[in-house]
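J.: Pasting a structure below so you can have a look.
Only the coordinates and a few stated rules stand behind these numbers; no lab work does. The structure displayed is predicted, hence computed values, not measured ones. Cβ atoms come from the backbone with ideal geometry, glycine included; neighbour counts cover every protein chain shown.
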Amino acid sequence: MATRPTIVLSRKGVTWWRTGHPWIYRDDLLPGQSAAAGDIVTVQDEQGRFLGQAFYSATSRLALRFLTMSAEPIDSAFWEARLQQAWAYRRRAVAAATAYRLIYAEADGFPGLIVDNYDGHVVLQVHHPGISRCLDDLLPLCHRLLPVKSITLRNDSDVRRLEGLPLEVQTIFGQVPTDLIIQEGPVQFRVDILRGQKTGLFLDQRENRQAAAAWAQGEVLDCFSYQGGFALHAARQARRVVAVESSAFSLQVAKDNARLNGLENIDWIQANCFDFLKNAVHAGEHYDLIILDPPAFAKSRADRPAAIKGYRDLNRRAFQLLRPGGVLVTNSCSYNLDLNTFLDLLRQAARDAHRSARIIACRGAAKDHPALLALPESAYLKCVLAMAIS
Ligand code: SAH
């Protein structure tokens, strides 16, 4: 500990630290201080009082990510306790699924690290040089504590650029099968760990896919379908499902998934969902369940006005297409847009469509993606189920 660099917070920084938020921006450090990228630093106030230990970033505006507010040693035993805790939690939180998130960054005490487990094929996203340096401790622990079949680094996310880290995808242990299949409740999915979006699947929507399927009947529309996530679950209950997605590659996997599950009642359509919805309204189509799961429109605060307009347009059209008694499952994964703002724009969308609706449920990400109470940014996913009454 004695050899660790020390970083001192400004008074404003200390006030922010008191809220318990685990991130400190560079503006909140006393000027003129630095450490090396990825150093574990001791954090103090101007009087020299100990505030905690954090990963230091040399390049990002987000200068410090707290590991602990206590002076404990950060060694292999520290990581082992956190990994054990993360795994014990997943054993309680995840049911009937062979793919789940094992480590969700700060919410599990691992700033900058995501670990997803696809039936023993483990995928890491390393988003900070601090956690990157700790991999020598972490990887042997994964082998010792978990039934690991392979380990892949999916280090191709743009956020790594902010930390000056190179982009790469690499399997560092074992082999990823070309035909990896996982179970999600009653549905099986093929997973392409090396080329799929994120680490292969959108695991955060697992419970919402099943919650949506519970309302499936008649005709279902799944917009932004990716590899058929919501569509496959819904098709087990519905007469017909129309799934719309812009990526031809994703649709190819989606069709394979339908065959794998013996489902023949899904029409796969390659289109821009904005155009599809507009045309469907003009054609007078109607559906009993509509799912909207677009990518994040508000990547930053500056995007908010355009994002709100985008969400409002999509949802207005969805309300226009719902039969009375039909259910809309509408999602936003933009953390720059909070639940109240989302509900406000849904209210406007329903009004613009001359529809009255009741909220059935407001949901978040699946339980294996727990939000850290002190870090609102970790509660990014909003999933609202609303029924059109008239
Ligand atoms: N619902 C999916 C995840 C959706 S991710 C699941 O449960 O697995 C968002 C998807 O929207 C991506 O596959 C992306 O290719 C697609 N997409 C993005 N913009 C689009 C657009 N304008 N029209 C259609 N699809 C789009």
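J.: Would you grab the residues whose amide H sits under 5 Å from the one on residue 52? Only those 5+ places off in sequence or on another chain, please, with H modelled 1.01 Å from N.
T.: Residues meeting the criterion, in which the H sits 1.01 Å from N, are 43.
J.: Moving on to the next point. Could you tell me how many degrees, from 0 to 90 and to the nearest 10, lie between the Cα long axis of helix 273-282 and the main elongation axis, the longest principal axis, of the Cα atoms of the chain?
T.: 20
J.: Quick one: order 319, 66 by neighbouring beta-carbon count within 10 Å, fewest to most.
T.: 66, 319
J.: Fewest to most neighbouring Cβ within 10 Å: what's the order for 23, 215?
T.: 23, 215
J.: Right, another one. Quick one: which residues, 5+ away or cross-chain, put their amide H under 5 Å from the amide H of residue 171? H built at 1.01 Å from N.
T.: Residues meeting the amide H criterion: 153.
J.: Could you check what % of the DSSP bridge pairs in the chain are antiparallel, to the nearest 5?
T.: Within the chain, antiparallel bridges account for around 65 percent of the total.
J.: For each of 380, 335, count neighbouring Cβ atoms within 10 Å of the residue's Cβ, then give the residues from fewest to most.
T.: With the sparsest Cβ surroundings first, the list reads 335, 380.
J.: Could you derive backbone 3J(HN,Hα) for segment 289-306 from the dihedral phi with the Karplus parameters 6.51, -1.76 and 1.60 (θ = phi - 60°), listing whole Hz in sequence and x where the residue is Gly or Pro?
T.: 8, 10, 10, 10, 9, x, x, 4, 7, 9, 6, 9, 5, 5, 7, 4, x, 5
J.: Any cysteines in the chain with zero other Cys Cβ atoms under 4.7 Å from their Cβ? List them, or say none.
T.: So far as the 4.7 Å Cβ criterion goes, 134, 142, 333, 362, 383 stand without a partner in the chain.
J.: Now, a different point. Express the relative contact order of segment 76-180 as a whole percentage, based on alpha carbon pairs under 8 Å and six or more residues apart in sequence.
T.: Computed over segment 76-180, the figure is 20 percent.
J.: Treat each spin label as a single point 7 Å out from the Cα along the C-beta direction, and report the residue 69 to residue 352 distance in nm.
T.: Going from the residue 69 label point to the residue 352 one covers 4.3 nm.
J.: Could I ask something else about it? Return, for the Cα atoms of the chain, the radius of gyration and Dmax in Å, separated by a comma.
T.: 22.5, 71
J.: Residue by residue, what Karplus-based ³J(HN,Hα) values in Hz, rounded to whole numbers, does segment 19-28 have, using 6.51, -1.76 and 1.60 with θ = phi - 60° and x for Gly and Pro?
T.: Here the 3J(HN,Hα) series is 5, x, 5, x, 10, 10, 7, 4, 4, 9 Hz.
J.: OK, next. What's the Cα-based Rg to Rh of segment 76-180, Rh via Kirkwood?
T.: So for segment 76-180, dividing Rg by the Kirkwood Rh gives 0.94.
J.: At a Förster distance of 35 Å, what's the computed FRET efficiency of residue 296 paired with residue 141, Cβ-Cβ distance as r, to 0.05?
T.: My answer for the efficiency is 0.65.
J.: Holding the Cα-Cα limit at 20 Å, pick out from 198/367; 255/309; 278/309; 198/299; 198/382 the pairs that are longer than that.
T.: From the list (198/367; 255/309; 278/309; 198/299; 198/382), the Cα-Cα distance tops 20 Å for 255/309.
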